[in-house]
Amino acid sequence: MPLFNYSIVFLQKICDNRGRKNLANQVFSLEQKRSGFSGKLGFVLAAAGSAVGLGNIWRFPYLAAKYGGGIFLLVYILLAITFGFALMVAEIALGRKAQLSAVSAFAKFNRKFSFMGYLASIVPIIILPYYSVIGGWVIKYFVAFCCGNMSAAAQDGYFNSFISSTGEPVLYFAIFLGLTALIVLLGVEKGIEKVSKFMMPVLVILSLGVAVYSVCLPGAMDGVVYYFTPDFSHFSVTTVLAAMGQLFYSMSLAMGIMITYGSYMKKEVNIESSTRQISLFDTGIAFLAGLMIIPAVFSFSGGDQSALGQGPGLMFVTLPKVFETFPGGAVVGALFFLLVLFAALTSSISLMETVVSIFIDKFGWKRNVTCLIVLGGSVVLGLLSTLGYGIWADVKILGMQFLDFFDFISNSVIMPVVALITCIFVGYVIKPQALIDEVETGNVRFKSKKLFVIMIKYIAPIFILLILISSVLSAFGIIKI
Ligand code: PHE
């Protein structure tokens, strides 16, 4: 590359870096600190911090419960080791090769694809507000457990009367979003990352304990069977669509985040094995969360399967009942919600960082001002989601409440589109070899090279296209799936 090009790239990097300084600090600091571990652990932990969150603990179990248990789990795992793997390798390698965040990375390879940066950017902008609404629910339950209100929280109508009220859900949403904004504004992610690095293992151990306990509840075995046995009569296009959306959401894919993380990854770190570790960790936590919740649903509903379809409230309705049945449940429950809160915060921080850096990159605004603007915008969008369960419950878009609609439009429409175009872009524009070379930098062997190429070029794009078309047609009531 001529010297001139180098300097352009360098300049681009500086501009690009302004917005991502904090994210950079976050990743770099971990890498520097962990350089004894060759920098890989640092990368894996930072990416896992973004990946593991409410998606695993709150979203996965309710989808698995709703979409047939074992069959959903099976489809999810199959997708994770094929699609999820290929897409994550592609995103990280794209970012590391471009040395730029998502907005600019696509444009750098091919001007015609610069729209992709914007498209991918819409996703975190939509997710952050409603993610904060759920984060607020977690704080509410944490507070309830701390204040000795466990028994009340375990009552049947508690969750519904909470989310359908006006003041409290808004207050807790504001606390969660405010906390996220404060951390991003003060640039103290490092502190949070440190705390959560220590709390994550505690969360895993606690979840394991609760899962074992749940499985042993009377009547829970039916739930275990439901969760583990794929029943093909429950299989439908919707199952696959839901599993795919969940995969993107949970692994923070199809929204440019992993591209940005990749741009900070050291050249000597192995992309393939990092990806495997991140997805193993992410899927493991989701799996455990399902095991904590689904058998318990069977136990408490006395076999009434309609409880499985209740959607976003499932974790909040079920877990307090579990905690209530064991000695010291209030303390364990409070600790559990606190740990979930930390996992949620590391994800919301990475969401907000991304949104903030998108605006800084695009408009060159000051960081503090941008944080406040993003905060304001998120308050407005988040209010729609919160009040959509209460005073605005009658307002529906495509038959969905605001929160469900935001979730649907990001997970089931925009993310598949971004994933689809990413596959086409990698498969046919820059060609898989370009990224294979990146993965193989420094004589690393890319073991699943064949799988990667076949996935990216053929299977993933065709599959995503089919799923996408059927989901959109069904949302508009044209077909029934
Ligand atoms: N992956 C996170 C979770 O599972 C959510 C998230 C999505 C975080 C996108 C950052 C970006 O909760």
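The values are calculated or read from the model by the stated rules, or taken from the named source; none is laboratory data. Since the model is a prediction, treat every value here as computed from it, not as a measurement. All Cβ positions, glycine included, derive from the backbone under ideal geometry; neighbour counts span all protein chains shown. Note: accessible area is taken over every heavy atom of the protein model, side chains too, but ligands, DNA and RNA are not part of it. Shrake-Rupley method; radii C 1.70, N 1.55, O 1.52, S 1.80 Å.
All of (1) more than 27 Å from the chain's Cα centre (by Cα); (2) in contact (Cβ under 8 Å) with a residue 60 or more places away in the chain hold for Ala334 with one exception: (1).
Is it true that some residue in the stretch 115-135 is crowded, with 24+ Cβ neighbours inside 10 Å, more than 16 Å from the ligand (Cβ to nearest atom) and of a type in the set (Gly, Ala, Ser)? The answer is no; no qualifying residue exists.
Within the stretch 109-143, the set of residues being within 30 Å of Ala334 (Cβ to Cβ), of a type in the set (Ser, Thr, Tyr) and within 17 Å of the chain's Cα centre (by Cα) comprises Tyr130, Tyr131, Ser132. Does any residue of the stretch 92-99 turn out to be assigned to a helix (DSSP H, G or I), more than 30 Å from Ser132 (Cβ to Cβ), charged (D, E, K, R) and open to solvent by 10 Å² or more (accessible area, probe 1.4 Å)? Scanning the stretch 92-99 turns up at least one residue that is assigned to a helix (DSSP H, G or I), more than 30 Å from Ser132 (Cβ to Cβ), charged (D, E, K, R) and open to solvent by 10 Å² or more (accessible area, probe 1.4 Å). Selection of the stretch 429-450 for residues being of a type outside the set (Asp, Glu), open to solvent by 60 Å² or more (accessible area, probe 1.4 Å) and part of a helix (DSSP H, G or I) yields Gln433, Lys449, Lys450. Do the conditions hold for Leu73, that is, is it surrounded by 21 or more Cβ atoms within 10 Å (Cβ to Cβ) and within 12 Å of the ligand (Cβ to nearest atom)? So Leu73 does not fit the description; no. Filter the stretch 41-67 down to residues that are within 15 Å of the chain's Cα centre (by Cα) and not in a helix (DSSP H, G or I) and give me whichever is farthest from the ligand (Cβ to nearest atom). Per the stated criteria, the residue is Val52. Annotation note: Cβ proximity below 7 Å between a residue of the stretch 238-267 that is near the ligand (Cβ under 10 Å from one of its atoms) and a residue that is in a helix (DSSP H, G or I) and among the basic types (Lys, Arg) (sequence gap 6+ or interchain) occurs for Gln246/Arg59; Tyr249/Arg59. Kindly indicate whether any position in the stretch 329-336 is open to solvent by 20 Å² or more (accessible area, probe 1.4 Å), out of contact with any Lys or Arg (no Cβ under 6 Å at 6 or more places or on another chain), more than 13 Å from the ligand (Cβ to nearest atom) and more than 22 Å from Ile57 (Cα to Cα). No, that holds for no residue.
Filtering the stretch 256-288 to residues that are hydrophobic (A, V, I, L, M, F, W, C) and open to solvent by 10 Å² or more (accessible area, probe 1.4 Å) leaves Leu280, Phe281, Ile285, Phe287, Leu288. Among all positions in the stretch 297-310, there is no residue which is within 14 Å of the ligand (Cβ to nearest atom) and surrounded by fewer than 20 Cβ atoms within 10 Å (Cβ to Cβ).
Among the residues of the stretch 241-266, those identified as part of a helix (DSSP H, G or I) and not hydrophobic (A, V, I, L, M, F, W, C) are Gly245, Gln246, Tyr249, Ser250, Thr260, Tyr261, Gly262, Ser263. Picking from residues in the stretch 215-240 that are of a type in the set (Ser, Thr, Tyr) and assigned to a helix (DSSP H, G or I), the one that is farthest from Phe60 (Cα to Cα) is Ser233. Might you let me know whether the stretch 452-461 holds any residue that is of a type in the set (D, E, K, R), closer than 22 Å to Gly84 by Cβ and in contact (Cβ under 8 Å) with a residue 60 or more places away in the chain? No: zero hits. Among the candidates Leu179, Leu186, the residue that is on the phi < 0 side of the Ramachandran plot and either away from the ligand (no atom under 16 Å from the Cβ) or modelled with pLDDT under 90 (or both) is uniquely Leu186. Quick check: is even one residue across the stretch 200-212 buried (at least 23 other Cβ atoms within 10 Å of the Cβ) and away from the ligand (no atom under 16 Å from the Cβ)? Yes, the stretch 200-212 contains a residue that is buried (at least 23 other Cβ atoms within 10 Å of the Cβ) and away from the ligand (no atom under 16 Å from the Cβ).
Just one of (1) away from the ligand (no atom under 11 Å from the Cβ); (2) under 14 Å from the mean Cα position of the chain (by Cα); (3) under 30 Å from Ala475 (Cα atoms) fails for Phe281. It is (3). Of everything listed in (1) open to solvent by 30 Å² or more (accessible area, probe 1.4 Å); (2) part of a helix (DSSP H, G or I); (3) away from the ligand (no atom under 15 Å from the Cβ), the single unmet condition for Ala144 is (1). Residues that are more than 22 Å from Leu74 (Cβ to Cβ) and under 22 Å from the mean Cα position of the chain (by Cα) within the stretch 284-315 comprise Gln310, Pro312, Gly313, listed in sequence order. So if I check each of Thr318, Thr346, which one is crowded, with 18+ Cβ neighbours inside 10 Å, within 18 Å of the chain's Cα centre (by Cα) and of a type in the set (Val, Ile, Thr)? After applying the criteria, what remains is Thr346. Cβ-Cβ contacts under 7 Å between residues 6 or more apart (or on different chains), taken from a first residue in the stretch 103-119 that is part of a helix (DSSP H, G or I) to a second residue that is of a type in the set (S, T, N, Q) and open to solvent by less than 40 Å² (accessible area, probe 1.4 Å), are listed as Val103/Ser121; Phe106/Ser114; Ala107/Ser114; Gly117/Ser104. The number of residues in the stretch 376-389 that are within 21 Å of the chain's Cα centre (by Cα) and buried (at least 22 other Cβ atoms within 10 Å of the Cβ) comes to 4.
Residues that are of a type in the set (S, T, N, Q) and open to solvent by 50 Å² or more (accessible area, probe 1.4 Å) were ranked within the stretch 147-184; the one that is nearest to Leu338 (Cα to Cα) is Asn149.
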